[in-house]
1. Scan segment 311-399 for trypsin sites (Lys or Arg not before Pro) in coil per DSSP, keeping those whose Cβ has at most 10 other Cβ atoms within 10 Å, and list them by number.
2. On a C-alpha basis, how far is the centre of segment 529-606 from the centre of segment 351-385 in Å? Whole number, if you could?
3. Could you do me a favour and compute the accessible area per residue for segment 265-380, 1.4 Å probe, result in Å²?
4. Leaving ligands, DNA and RNA out of it, rank Ile137, Ile244, Ile143 by accessible area with a 1.4 Å probe, largest first.
5. When all protein chains stay in place, what accessible area (Å², nearest 10, 1.4 Å probe) is found for Phe399?
6. Using the beta-carbon distance between Leu210 and Thr91 and R0 = 51 Å, what value does 1/(1 + (r/R0)^6) give for FRET efficiency, to the nearest 0.05?
7. Please go through segment 668-702 and write out the GluC sites (Glu not before Pro) that DSSP classes as loop and that have at most 13 other C-beta atoms within 10 Å.
8. If you take the charge dipole of segment 519-663 about its Cα centre, with +1 on Lys and Arg Cβ and -1 on Asp and Glu Cβ, which of Val628, Val651, Val611 is farthest toward its positive end?
Amino acid sequence: PPAPPPQCSSLSRRRRRRRPPLSGLKAAGWLHVGCRLLAVWRPGLLEMTTPSSSTLPALPSPGSDPALQPLLPHATPHAPRLARCLLAPRTRNLTDVCIVCFVLNLFRHKKLGSWLLSLMISVQADFFWPLAVLFSIATFCGIIMCALGPTRLDLSFCASFCAALVAVCELNFGWFGMLQICMLKGLKVRCWFPAACYYTKSNAPDIHVLFPLVWLPLGVFLSICGALWRPWYAAFYVLPWGLIGHGPLLDMHWWQWREVIVGSVFWFYFIFVLLAARSRAFLLAQGDDRRYLIIVGGIFGLACTIMTYWLTVPPLVTYWLFLASPWAVLARDLFLHHKVPGLALEEWLAVVAMVWALARVAYIGAIAQLGRLIARQHMEDTLRDALAHPFRAELEQGFGQGLGQGIARMASLTSPAPPTGDTSSDADLEYGTYDSSRGSRMCIKEKQTLMLVERKELLLKQAGCKAALPGYLRLSVHRDRIVEDTVTALFDRPVSELLAPMVSVKFEGELGVDAGGLTRDWFDSVGRCLAEQARQSASTKEVALLATAPDQTLIPRSVGSDNGDVSSEQQERFRALLALGRFLALAVFHKHPLPVSFSLILCKHMLRVPVGMGDVRQLDPEFYNGRVAQVLKVGGLAEINAALGEPLTFVSAASEAVPEPQELKKGGAELIVTDENKTEYVQLLCEAYLCGGIRREIQCLLQGFWDVLPLEVLLKSNVKPRELSLLMSGIAHLDPQEWKSNCDGDRGEVQFTWFWQVVQDLNSEQRCMLLHFATGSSRLPPGGWRELAPRFTVKVTDGGSDSYLPHAHTCVNQIVLHRYKSKDQLYHKLLHAILTEDFGFA
């Protein structure tokens with residue numbers, strides 16, 4: 001249809017500008033005022049900081065960097081500012097507002113003094129004295145267990161007398177604490193020995209701290225018994241009769257309902273621990289692990305019961321009623337009486353703070369849910385861009401112009417000037433590299449810390465506040481298909497969840513609580529499985545994600561051609577490579593080195609550092625000497641032409657990824673290599689040898705890596721290729737003497753000496769497996785043994801017998817040995833233990 005006249009469109013636009021909706025003006029005005037007040041309260045909050053792209057080199061894909069996308073895409077330009085306004089007040093700030101409103105309400109009703117008096121009594125009767133009683137009971141039971149338990153100590157008469165005296169004092173103090181609780185709360189106190197009991201002038205019990213046992217704290221015992229039986233009474237008598245309008249439901253006092261609430265929490269955790277003790281996983285655990293689980297469950301249940309007891313003290317109940325009463329008034333006046341609610345100013349402020357907190361929680365939940373929904377689409381878009389733009393390696397300036405270049409480059413590293421460019425010597429790995437922007441040397445640990453800080457700051461800018469970021473990355477994998485499960489779990493996870501500060505891994509079908517050891521085990525197991533698949537895929541029909549390069553390092557395995565359509569099966573392989581890139585970046589971010597060795601050239605690709613001739617020579621000396629050095633040397637072309645029997649043309653060399661030679665440029669099969677164009681030939685030949693047949697694979701791996709650790713962050717931290725390789729792979733060589741010097745444990749035991757003699761006799765692979773058995777990782781951190789935290793510990797235990805295998809606690813890097821009778825017995829037991837795949841409780 002024909003377009004409307006221009007004047008009509010202009011007129012409608014003028015009308016919309018002249019007559020905006022009044023409500024819209026008010027909303028915009030109040031929003032502007034609110035944002036300005038927040039800007040005054042927290043300066044710099046509403047500024048939209050956009051990362052500068054001037055420091056970034058051109059990415060292979062023309063699309064924007066995936067890691068710089070916000071967690072929640074906004075439909076309008078005002079949404080980011082609205083989100084920052086909503087997330088500006090923290091939960092603590094909103095809680096402070098509610099507390100201030102509560103105090104003002106008490107002051108207005110002249111109840112502040114009585115509430116403060118009730119608070120002081122509750123602090124003493126519900127907090128201080130109960131903790132003192134619990135401490136006394138725990139000390140008394142500990143002394144009794146040491147004296148009469150199965151692990152009783154052989155003490156002298158004086159030591160036994162002192163221990164008994166301390167136990168009596170603790171019992172006396174605990175009894176005095178229960179009497180003080182009764183006195184503060186007005187509970188019943190009964191005299192056992194009337195002749196020894198004294199009263200004050202007001203006929204109140206006069207309790208002395210030295211002789212409290214003559215009084216019985218009857219009220220405390222009645223309250224404890226009430227918390228134990230009243231929940232069952234309420235569940236089977238009060239509530240059923242209350243549903244039909246009878247019974248004492250409405251006649252129960254608050255203290256009785258408090259006993260019901262506290263007792264219900266106690267019985268819930270008690271029954272939960274009993275059911276857990278009858279589970280199959282608990283029955284399969286060892287004796288020490290069973291006791292540990294029971295103790296942890298008991299302590300957790302007791303802590304929850306005490307927390308419920310504290311949250312129901314009278315001063316806090318008054319506070320909860322204050323927060324709930326405005327909502328009751330709102331519901332009554334709005335829905336029943338249809339009038340404006342009659343609330344005081346402090347009550348309105350409390351309602352606004354609570355609504356703000358609820359909206360904040362809802363927004364954070366929406367961010368998490370929407371992030372999971374769009375994460376897969378984001379990765380599909382990344383995959384589409386990576387397949388559409390195959391990777392091409394960057395070569396150093398002057399690559400292939402002469403054979404002396406590599407020698408001159410190596411000589412430049414010995415000059416006293418600070419090293420520049422992309423090279424890093426072996427000394428740099430220990431002492432660091434020169435940072436021109438800081439004017440000092442930075443060690444690898446400092447660079448890694450700087451990298452993590454930059455990445456967390458970038459993530460915080462995208463989220464708006466720390467509360468909008470997930471706190472855990474939870475993974476569940478099966479050990480038999482660990483690579484497949486890991487790829488599936490990491491592909492469509494939001495970046496914010498991958499960068500969560502805590503990682504919790506669960507191995508299906510295995511008993512274990514992740515306190516850090518299972519996470520290390522997961523990283524290490526995936527790395528070992530990737531390396532094993534890369535070694536076996538050459539001789540079997542198994543298809544692996546990685547392949548072994550000529551220098552025995554790992555590179556992406558070819559999936560298909562660099563051009564053309566991609567089948568559904570190949571797309572799954574490319575998705576796996578994207579997830580693998582994420583996994584490598586995740587290992588660097590969480591400081592878990594992998595038992596694999598990646599090609600230095602691949603690390604240069606990750607940092608967009610040009611590749612030099614020395615890198616090609618290190619990767620494949622045979623290819624370099626036969627196809628590169630032979631061409632570049634004087635008279636080398638004539639020798640090659642004579643050996644081939646025909647002129648050398650612009651055709652690639654055969655490789656595992658590209659078995660059939662291909663043209664290096666259009667018409668290359670007809671273009672003869674001469675002295676004038678041999679530099680171009682060497683550049684195209686080496687670039688094709690490095691990336692030919694795996695261009696899409698490299699691009700997918702890099703995009704997955706940059707999705708978690710953006711290139712901007714890597715460049716700001718000034719990480720060198722060798723340092724990045726060390727951060728990913730750690731240290732493989734384990735020196736037994738250095739290991740022993742950085743070890744704690746029972747050095748006076750003969751098993752301790754035998755253990756280090758056995759470690760000296762183990763080979764390199766067995767030592768790595770021993771380290772993996774004890775710590776969950778077969779590689780050391782980049783800083784070596786000094787950076788291993790906690791320190792490695794060898795403990796000799798009296799529990800069990802010498803027929804038991806050694807066991808480990810990977811969360812504290814500890815190996816536990818039994819009292820074996822000989823060095824040979826320890827050797828066989830230790831070897832059997834480290835070759836076992838099931839690590840038990842970690």
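The values are calculated or read from the model by the stated rules, or taken from the named source; none is laboratory data. Predicted model only: the values in this text are computed from it and were never measured. We place every Cβ from the backbone using ideal geometry, glycine too, and count neighbours over all the protein chains shown. Just so you know, the surface numbers come from the protein's heavy atoms only, side chains and all, with ligands and any DNA or RNA stripped out. Shrake-Rupley method; radii C 1.70, N 1.55, O 1.52, S 1.80 Å.
1. Loop-located and lightly packed - Lys339.
2. Result: 32 Å between the Cα centres.
3. In whole numbers, segment 265-380 has 64 Å² accessible per residue.
4. Ile244, Ile137, Ile143
5. 0 Å²
6. Rounded to the nearest 0.05, the efficiency is 0.60.
7. Filter output for segment 668-702: Glu670, Glu676.
8. So the residue furthest toward the plus end is Val611.
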